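Please treat every number below as a calculation from the coordinates, not as lab data. Everything numeric in this text was worked out from a predicted model, so none of it was measured. Positions of Cβ are generated from backbone atoms using ideal geometry, with glycine treated the same way; all protein chains shown enter the neighbour counts.
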Amino acid sequence: MNFEIDIRNNILHQFSEQLNVEVTDDTLVLPSTLGMGRMELYRFPNTIEFYHLKCRISEHVDLKSTNPKNSEWLLFNINLSKSAIKKTVNNQEINFQKFLPSGLLFYTPDTHVFSSSPKDSDFEIVLIRLHRDFFTQYESETIFKLRNSESALLYEDLDYGMETSLKGIMESKGNKIRANVYLMQFLADVTEKLKNRELPSKYEHLHPADVKGLFLASAHLRNPVAQDIPSIKVLAGIAGMGTTKFKATFKQVFGKAPIQYHQKIKFDYAKDELKRKGKSVSELSYELGYSHPSKFTSAFKKIFGIVPSTFSQ
């Protein structure tokens, strides 16, 4: 089954038309021929639309989504699924995954995305669609100007606070004021992350080969329990760049320096193990290379704002 989505228009209605299924109370239930699940739309002030898709598809699905170059709309696409979704973004293949620093994709204008999902796949996706006027209103026009970076691929990590805000929105659907508070907190956090990036004038204009090299290098940082990760010089060589360009462009694409990227993966892995009670604090501390659980606890609290034992209560 094939879908084509234009970010400038209501996403729920586009799926409704292509599936030939009616929307009831801003909810679309997947037809049994496609799988099980639903997409829900939450409407907020400032023409913000929040979509939550949770489903299991029984058919192969190809999806093309486009935000045209002249678009006045922006989209945050967040993967809450436990598994990776393979996407082609502006002709570059990526793994779009919650527990990688590419768990959140920011659709600026002139962004073109294709994904091909096999049957019997599980998904949980959040989309937040908003107009550029939102950023203008809150004096965050700099964020919108990120589009000036030619072929920019803008990813961010989904940290604990942001994930909590998303869950707060979905759990407060009966209280729109409370849900809006959680939404504003999420947008404040993600905007702060984007503002901390390099200024658009300092962005490298990335050649597709450069982006491919960055993803090849990042693959060597994705093992959470790896004790000896390659040096910056080695990673730059894998990417086919000098070290200075590698460090600058890696942060441009992923929003983090390579070592921070690896640390994010390590601690999201630890958090997931603790949440599902797969491993103890002591086991994780030694597995991740800490000489004592107290040092692991200190680092965990610095990143998430809570101690790891919180998840065992």
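If R0 is 35 Å, the Cβ-Cβ spacing of VAL234 and LYS295 corresponds to a FRET efficiency of close to 0.85. Computed over region 2-202, relative contact order equals 19 percent, with contacts defined as Cα pairs under 8 Å that lie 6+ residues apart. In summary, the lysines within cross-link reach of LYS173, defined as a Cα separation below 16 angstrom excluding same-chain residues under 8 places away, comprise LYS54.
Projecting the Cα atoms of SER285, PHE246, LEU235 onto the dipole axis of region 218-313, where Lys and Arg carry +1 and Asp and Glu carry -1 at the beta carbon, places PHE246 farthest toward the positive end.
Each Lys and Arg contributes +1 and each Asp and Glu -1, all at the Cβ; summed about the Cα centre of region 208-312, the dipole is approximately 280 debye. Among THR249, THR191, sorting on how many other beta-carbon atoms sit within 10 Å of each Cβ, with the fewest leading, yields THR191, THR249.
The charge dipole of the chain, taken about the Cα centre with unit charges on the Cβ atoms of Lys, Arg (+1) and Asp, Glu (-1), comes to about 980 debye, rounded to the nearest 20. Within the chain, the selection of entire DSSP H helices by a Cα span of 20 Å or greater along the long axis and an average Kyte-Doolittle value of at least -1.0 returns 176-195. Take the alpha-carbon centre of region 267-289, take the same for region 14-53, and report the distance between them in whole Å. After rounding, the separation between the Cα centres reads 36 Å. Tell me which label goes with the value of volume of the Cα convex hull per residue in Å³ computed from the coordinates here: (1) 138; (2) 129; (3) 176. Here volume of the Cα convex hull per residue in Å³ agrees with entry (1).
Take the chain and mark each of the GluC sites (Glu not before Pro) that is in a DSSP loop with at most 15 other Cβ atoms within 10 Å; the longest unmarked stretch, sites excluded, is 199-313. Each of SER121, SER291 has some number of other Cβ atoms within 10 Å of its Cβ, and from fewest to most they run SER291, SER121.
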